[in-house]
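Reviewing the structure listed below.
The values are calculated or read from the model by the stated rules, or taken from the named source; none is laboratory data. Only a predicted model underlies this, so the values are computations on that prediction, with no experimental measurement involved. Using ideal geometry, Cβ is built from the backbone for each residue, glycine included, and neighbour counts are taken over all protein chains shown. When the accessible area is computed, the model is the full protein with side chains, heavy atoms only, and any ligands, DNA or RNA have been set aside. Shrake-Rupley method; radii C 1.70, N 1.55, O 1.52, S 1.80 Å.
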Amino acid sequence: MARRAPTTTAVVFATATALLLTACGGGDDSASDDNEDAAGNNSPSPAASKLSAAPGVKRPVIKLPSSFRLTFENWTSSDPVEQAMLDDAREEVRAGYAAIIANDPDSEAVTFYDTEGIRGLTKQWIKSYTDKDLTVIGKLPAFDPKVVMAGNGKGAALTYCTDETDAKTRNRKTGKVEGNPAGTSPYVRYSLSLTKNEQGVWQNSSVRGERGKCSR
């Protein structure tokens, strides 16, 4: 899946996307089920709260190390359909980072939140880290989400931005830490297509990343 944006530590897919997945490291591998808001305060993961209560749908529990700060700023909507889509899109992002951290390219959580047509690219993206013994550390804010819903209620388009200023990779064997090279814009805009499956779960069907297209 065309994913998150290219950095020295992120590989751009042939489909011209990529994304710096940030994960925790620094020797602290304790797990957390929390997301953080814009102020850095912990808030329950949607998968562990209201989303898991949806009748007939058992969402995966996604855990991120406490040293990785993945924040979602203003990912809220007064429309319940849009909010459900934003919640699932957020969990898909968390699933990708968790897979890299866990060294698990075959993550069941990623499979849950991706359509069949995009899972192979997602796995390729995860392996661009795990095959090189890389994990991710630091802080990655995701902000400025914009939603356009399809008229049939089963499709949506989402754009959002990330700030990779404090996102880095760490080699699991050597401990070497690297970030973006000097002069590289840390801002990446992602454009996603999402489809609502028969279970009522919003799954990613495409992702495209463009570096330098956002600002704060």
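Would you mind stating whether Leu86 is crowded, with 23+ Cβ neighbours inside 10 Å and in contact with an Asp or Glu (Cβ under 8 Å, 6 or more places away or on another chain)? Don't jump to the end; show me each part of the working.
Values: crowded, with 23+ Cβ neighbours inside 10 Å: yes; in contact with an Asp or Glu (Cβ under 8 Å, 6 or more places away or on another chain): no.
Taking the combined requirement at face value, the residue does not satisfy it.
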Asn152, sole failed condition from (1) surrounded by fewer than 20 Cβ atoms within 10 Å (Cβ to Cβ); (2) out of contact with any Phe, Trp or Tyr (no Cβ under 9 Å at 6 or more places or on another chain); (3) closer than 17 Å to Gly96 by Cα: (3)
Picked from segment 119-136 (must be modelled with pLDDT of 95 or more and of a type in the set (A, V, I, L, M)), the residue nearest to Gln203 (Cα to Cα) is Ile126
Of everything in segment 61-74, what is open to solvent by less than 30 Å² (accessible area, probe 1.4 Å) and within 24 Å of Leu121 (Cβ to Cβ)? Give them in sequence order. Ile62, Leu64, Phe68, Leu70, Phe72
Unmet criterion (only one of (1) open to solvent by 40 Å² or more (accessible area, probe 1.4 Å); (2) part of a loop (DSSP other than H, G, I, E, B); (3) within 17 Å of Val110 (Cα to Cα)) for Ser205: (2)
Kindly indicate which of Ile137, Ile118 is touching a Cys at 6+ places or on another chain (Cβ under 7 Å), in contact (Cβ under 8 Å) with a residue 40 or more places away in the chain and not acidic (Asp, Glu). Ile137
Here are some conditions: (1) touching a helix residue (DSSP H, G or I) at 6+ places or on another chain (Cβ under 9 Å); (2) buried (at least 20 other Cβ atoms within 10 Å of the Cβ). Arg119 meets all but one. Which one does it not meet? (2)
Selection from segment 71-82 of residues more than 16 Å from Lys154 (Cβ to Cβ) and of a type outside the set (D, E, K, R) yields Thr71, Phe72, Asn74, Trp75, Thr76, Ser77, Ser78
Only listed residue being more than 17 Å from Phe68 (Cα to Cα) and buried (at least 24 other Cβ atoms within 10 Å of the Cβ), chosen from Tyr129, Tyr113, Tyr97: Tyr113
Looking at Thr174, Thr169, which one is among the hydroxyl-bearing types (Ser, Thr, Tyr), at negative phi and open to solvent by less than 40 Å² (accessible area, probe 1.4 Å)? Thr169
Which of the following residues is in contact with a strand residue (DSSP E or B) (Cβ under 8 Å, 6 or more places away or on another chain), surrounded by fewer than 19 Cβ atoms within 10 Å (Cβ to Cβ) and over 23 Å from Gly138 (Cα atoms): Ser193, Ser185, Ser215? Ser193
Per the filter on segment 116-145, residues farther than 15 Å from Thr162 by Cβ and of a type in the set (Gly, Ala, Ser) are Gly117, Gly120, Ser128
